[in-house]
Amino acid sequence: MNINKNYLGSINGSDVFQYTLVNDLSTKVQILTLGASIQSIVLPFSDGTDKNVILSYDNWETYQHNPLYLGATLAPNAGRIEGAVLPIYEKTYTLSQNEGNHNTHGGFHNASLQNWDEVSTHCNSASCSVTLTIKLSDGLDGYPGERCIQTCYSLTNDNSLKIHYYAVTDKATYLNISNHTYFNLSGDFNRSGLEQQIKVDASRFVANNNEHIPASIVSCSGSPFDFSTYTSLETNIALHPDHEQLSIAHGYNNAFIFDQMNNQLKKTLSIRDRSSEYIMELSTDAPGIVLYSGGYIGDQWNLAGGFKSSDSCAIALEAQDIPNSPNFLPELCCYTTPDCPYDRTIIFKFISD
């Protein structure tokens, strides 16, 4: 196990660092302080090549603005808050509107677009890790509470990348923190990410309106959202070419509600690709996951490895609360208070197929 820290430069007087975590299997993960982002996940293949299996910009400075939220920590809230109106117990807060009338990923000053500070690094024979932190002031983008958020990335020798979020606040607030890494397990971003097969432990999904706001909960059965067995996204899309939800999102941008919602860490999703030697298993204690198939990525971004971006060249898997829970599913909404810190875990495990 090994961890290296590399100074990249300074932005607005804040020093930007890159941390490279390497395990005994030669898997390499790079973390940026910008947005507490996963910059790359490089896996060794049997032909002697090393392939980055996540979408990455070719220049670290692009992560300062990160228009696609590549690998970023989404905080204080992953996804949209409808009408930028946030109810917390008996109070209602007005948030900033950074996407039409809605608040997305926490607003204009969300943590994905800020440079985080190092708390610590750690390395032993079993794992290596880096913990980053950021403080969000009371009232920033309308969210209440002075919040201190920590993100810890740990790479282990069983080829797992564990993400642990922990946050405290001085007043009741809403936190829904997640990660926005896009995967293409082939490592070839000229191939569509829709070719990947996924299996999800969910029998219900959230249908959205045409502004990507949750509107109803629907059974996955008989729909393009049925991933009860390994199925490629392109297969389900081809079977349902006129499905309204696929038209709205140019593919998928929907939450799946896990069948087991007990706040316990559990394997909830698996993804594989026919040209990859790896299956990735995703485990989390979150109640759901948003599958975004990248229908709005566009073709204007220069990517690491000499690739050019294109729609659906990779897919994002965002374990989180059901989007807009305070308004849409208040009975499932959990608030963070001074007596109840925020605590969530996501694990990406890469298994040789």
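Sorting 187-199, 252-264, 74-86 by their mean Cβ neighbour count within 10 Å, with the most densely packed peptide first, gives 74-86, 187-199, 252-264. For the cross-link pairs Lys308/Lys349; Lys5/Lys199; Lys5/Lys266, the ones whose C-alpha atoms lie over 30 Å apart are Lys5/Lys199; Lys5/Lys266. Amide hydrogen proximity for Leu175: with H placed 1.01 Å from N in the peptide plane, the residues at 5 or more positions away or on another chain lying under 5 Å are Thr336. Residue-wise HN-Hα couplings along segment 203-212, as the Karplus relation 6.51 cos²θ - 1.76 cosθ + 1.60 with θ = phi - 60° gives them from phi, are 10, 9, 10, 9, 7, 10, 7, 6, 10, 6 Hz; Gly and Pro carry x.
Quickly estimate the mean residue ellipticity at 222 nm for the chain, helices only: each DSSP H run with n ≥ 4 gives -39500 (n - 2.57), and the total goes over all residues, rounded to 500.
Values: 3 runs with 17 residues, N = 353.
After summing the helix terms and dividing by residue count, I get -1000 deg cm²/dmol.
Centre-to-centre, using Cα atoms only, segment 150-180 and segment 1-72 are separated by 17 Å.
Regarding the chain, what whole-number volume in Å³ per residue does the convex hull of its Cα atoms give? Walk me through the numbers on the way to the answer.
Details: hull volume 45.6 nm³, N = 353.
Convex hull of Cα atoms, per residue: 129 Å³.
Between Asn302 and Asp353, full extension at 0.36 nm per residue minus the direct alpha carbon distance yields a gain of 15.4 nm. Under 5 Å from the amide H of Asp285 lie the amide H atoms of Lys266, Thr345, each residue being 5 or more positions distant or on a separate chain, with H modelled from the backbone and absent for Pro and chain starts. Unpaired Cys in the chain, meaning no second Cys C-beta under 4.7 Å: Cys148, Cys152, Cys220, Cys313, Cys333, Cys334, Cys340.
Out of every Cα pair in segment 111-245, what percent are spaced more than 22 Å from each other? Please report the intermediate quantities before stating the final value.
Values: 5474 of 9045 pairs.
So the pairs more than 22 Å apart make up 61 percent of the total in segment 111-245.
Peptides 15-26, 101-112, ordered by how many other C-beta atoms sit within 10 Å of their residues on average, highest first, read 101-112, 15-26.
So the label point goes 7 Å from the Cα of Leu8 along Cα→C-beta, right? Which residues of segment 110-145 then have their backbone N under 20 Å from it? Answer for this model: 110-122, 129-135. The convex hull drawn around the Cα atoms of segment 190-316, when projected onto a plane and averaged over every direction, covers 8.3 nm². 3J(HN,Hα) couplings calculated from phi for segment 215-225 with the Karplus curve 6.51 cos²θ - 1.76 cosθ + 1.60 (θ = phi - 60°) are, in sequence order, 10, 7, 9, 10, 5, 6, 4, x, 10, x, 9 Hz; Gly and Pro show x.
Can you give the FRET efficiency for Asn262 and Glu118, using 1/(1 + (r/R0)^6), R0 = 35 Å, r = Cβ-Cβ distance, to the nearest 0.05?
0.55
Among Ser219, Ser37, Ser186, the largest mean-square fluctuation in a Gaussian network model of the chain (Cα springs under 10 Å) belongs to Ser219. Note on segment 261-333: dipole from Cβ charges, positive end direction compared against Val290, Ser309, Cys333; the farthest Cα belongs to Ser309. Under 5 Å from the amide H of Tyr93 lie the amide H atoms of Leu86, Ile88, each residue being 5 or more positions distant or on a separate chain, with H modelled from the backbone and absent for Pro and chain starts.
Taken together, the values in this text are just the output of simple stated rules run on the coordinates, not laboratory data. Worth saying up front: this structure is predicted, and the values here are computed from it rather than measured. No Cβ is skipped: glycine too gets one built from the backbone with ideal geometry, and neighbour counts run over all protein chains shown.
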